[in-house]
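Below is one structure; the comments refer to it alone.
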Number of protein chains: 2
Amino acid sequence: MLISVEKTEIFESLSSPQFATLIKKGQQIILQPKSILFHQDDLAERCFMVNRGRLKLTMLSEQGKEVILRYLSSGELAAAIAVLRNQTYPVTAECVDETEVIGWDKPTIVALMHQYPAIAINLLGIVFDRIDDLQHRYLEMCSEHVNQRIARSLLRLMRRAGIKTPEGIHIDIPLSRQNIADYCGTTLSTVSRTLSIWEKKDWIKSGREKIIIKDPHALVLFAEGV
Amino acid sequence: MLISVEKTEIFESLSSPQFATLIKKGQQIILQPKSILFHQDDLAERCFMVNRGRLKLTMLSEQGKEVILRYLSSGELAAAIAVLRNQTYPVTAECVDETEVIGWDKPTIVALMHQYPAIAINLLGIVFDRIDDLQHRYLEMCSEHVNQRIARSLLRLMRRAGIKTPEGIHIDIPLSRQNIADYCGTTLSTVSRTLSIWEKKDWIKSGREKIIIKDPHALVLFAEGV
DNA sequence: CGCTCTATTGATAAACCTCAAATACAGTGG
DNA sequence: CCACTGTATTTGAGGTTTATCAATAGAGCG
């Protein structure tokens, strides 16, 4: 298995032999695009680390509207805290590309945490980032207009999955207008209209499920209401 | 100090002597209503447990709009994860009533976590609840109409701070229309209008900074879009 | 009783969604 | 290489929701 300590967020302060033990105790799973790793309201029996590919984490409202919470890439964890509780987890994890994950069941991960307290403490750091991200997005949802939120969403996705190209920074996730709408709580039409305007201003370049950001600075200013 | 293990969320699986040690290592602080325990973008140098009274956790948007993240009551923790990172924490904690907290500085809390791994693991459980709450509210913000969100907010506050009275369930937090608006991302006028309607339907009874819920079931049905 | 803070309510405007039709694009099989 | 098919995207018209502004009424306090 091609897993390095460096690319993981959870095992930062562990030694290599400790890390090897952890991976050995987990189970490798390979999934096809669009398959579901775990489903909303499943009992959280295992937690996972993405090793290759990407997961899309979503929630479904009672009216059936899908909301995207986050995209996870290599080294990131899913259901890591949920597994510690004997509860269901109201989130669905769907593969965007072909995706490889390592899974640990509850007894294993709990035992590992007791054996290496650093894991739990690292996990707290990771969770802090999640809360921070969620709180900021919650703040934006409460206080900003749709197209500001779209700008911030593109910038956020760019920071997490951006690849430099001659044309600009390419967001390396297949993102439809609908996906962007689900990510920032609006509709396909509104996203499409907004992106059209920005494309005319040469701030972005977009295609079918593809976004390239040509002028991040303009988007930042726009998001800040300038 | 009047602190019991039972009423705290963090120290659940600790023995009483262990618990006593923890409290002894902390610092007791008593604050007047409206005073600020920590301010948005302060460096998180201590974490706190509320022992008496209530804290209001808020964030401020770039345009100056206040958003209420949560009200904390006895036994709940503030800045508990932020303190583990050497970072600022974008949240303000303001006292609603006269409030007593216990504070621990970073070296102390880190040492305690290494000494008693159960603390870090309990903390993960608490943090899970926070994330769960935030995710649900984020979902609601993304997918529901204002008055559905107001209904859910009242129900949520009722569950966390409700007191049974002959008239109905009283939310034991001084809540102005503006507070409710800040809690669910809308405006004072909209909240006032909505509550007026519900008062006429006899679902609630409200006064100056006071809400009594007379028919929770009606609100639940309304929130679910029935 | 007057002062201040909170709440109510109306009128108006802006933001945004919904619905719908047309167009562009990628992949497939002939 | 081209037509075909299923998505994805664009764009318009119209309506709903909700914010904004503003003026009035009510509650609590010294």
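Only lysines eight or more places from A:LYS205 in sequence, or on another chain, were considered; those with a Cα closer than 21 Å are A:LYS164, A:LYS214.
Only the Cβ atoms of Lys and Arg (+1) and of Asp and Glu (-1) were treated as charged; on that basis the dipole of the range B:58-124 about its Cα centre amounts to roughly 380 debye. The H on the amide N of A:LEU69, modeled in the peptide plane, is under 5 Å from the matching H of A:LEU57, A:THR58, A:MET59, each at least 5 residues off or on a different chain.
Give the shape of the range A:130-213 as rounded, prolate or oblate, defined through the alpha-carbon gyration tensor: a ≥ b ≥ c are the square roots of its eigenvalues, a/c under 1.5 means rounded, and otherwise the shape is prolate if a/b is larger than b/c and oblate if not. Kindly include the intermediate steps, with their values, before the conclusion.
Working: a/c = 1.83, a/b = 1.30, b/c = 1.41.
Cα axes put the range A:130-213 in the oblate bin.
Among the residues of A:218-226, the average count of other protein chain beta-carbon atoms within 10 Å of the residue beta-carbon is 1.
When restricted to Cα atoms, the range A:16-140 yields an Rg and a Dmax of 14.6, 48 Å, respectively. If Lys and Arg each add +1 and Asp and Glu each add -1, what is the summed charge of the other residues whose beta carbon sits under 10 Å from the beta carbon of A:PRO90? Combined, the nearby Lys, Arg, Asp and Glu give -3. Under 5 Å between amide hydrogens, built in the peptide plane, is the criterion, and for A:ASP41 it picks out A:TYR89, A:VAL91 among residues at least 5 positions away or on other chains. In chain A, taking the dipole from charged Cβ atoms about the Cα centre, the farthest positive-side position among A:ASN86, A:GLN178, A:GLY207 is held by A:GLY207. With a/c under 1.5 counting as rounded, go ahead and sort the protein assembly as shown into rounded, prolate or oblate using the C-alpha gyration tensor (a ≥ b ≥ c being the square roots of the eigenvalues; past the cut-off, prolate if a/b is larger than b/c, else oblate). Oblate, since a/c reaches 1.5 and b/c is not below a/b.
Quick one: B:ILE10, B:ILE36, A:ILE81, fewest Cβ neighbours within 10 Å first, how do they rank?
With the sparsest Cβ surroundings first, the list reads B:ILE36, B:ILE10, A:ILE81.
With no solvent and one point per C-alpha, what does the Debye sum give as log10 I(q)/I(0) for chain B at q = 0.08, 0.11, 0.14, 0.16 Å⁻¹? Relative scattering, expressed as log10 I(q)/I(0), comes to -0.32, -0.60, -0.93, -1.15. Sorted from shortest to longest, the distances between the B:ASP41 label points of this copy and the other copies are 4.3 nm, with each point 7 Å from Cα along the line through the beta carbon.
Size of the dipole of the protein assembly as shown about the Cα centre, Lys and Arg at +1 and Asp and Glu at -1 on the beta carbon, nothing else charged, in debye to 20? Could you put the intermediate results ahead of the total?
Details: 56 positive and 54 negative charges, 99 e Å.
Here the size comes out at about 480 debye.
Among residues other than B:PRO216 with Cβ under 14 Å from its Cβ, the summed charge is +4 (Lys and Arg +1, Asp and Glu -1).
Distances between copies of B:ASP129, taken at a point 7 Å out from Cα along the Cα→Cβ vector and listed shortest first: 2.6 nm. Restricting attention to the range B:17-121, the count of lysine pairs at 8 or more positions apart or across chains with alpha carbons under 20 Å apart stands at 5.
Under DSSP H, which helices of chain A have Cα atoms covering 30 Å or more of the helix axis and a Kyte-Doolittle average no less than -0.5?
The qualifying helices are A:117-143.
So, counting K/R as plus one and D/E as minus one, what does the shell of residues with Cβ under 11 Å around B:LYS56 add up to?
Values: positive: B:LYS34, B:ARG54, B:ARG70; negative: B:GLU66, B:GLU94, B:ASP97, B:ASP182.
Result for the local shell: -1.
Annotation for B:GLU199, label-to-label distances across the other copies: 5.1 nm (shortest first, one decimal, point 7 Å from Cα along Cα→Cβ). Amide H to amide H distances under 5 Å link B:ARG52 with B:GLU100, where only residues 5 or more positions off or on other chains count and H is placed in the peptide plane.
Picking from B:SER153, A:PHE222, B:ALA20, whose Cα lies most toward the positive end of the charge dipole for the protein assembly as shown (charges on Cβ: Lys, Arg +1; Asp, Glu -1)? In the protein assembly as shown, that residue is A:PHE222.
Just so you know, all these numbers are worked out from the coordinates, no wet-lab data involved. Since the model is a prediction, treat every value here as computed from it, not as a measurement. Positions of Cβ are generated from backbone atoms using ideal geometry, with glycine treated the same way; all protein chains shown enter the neighbour counts.
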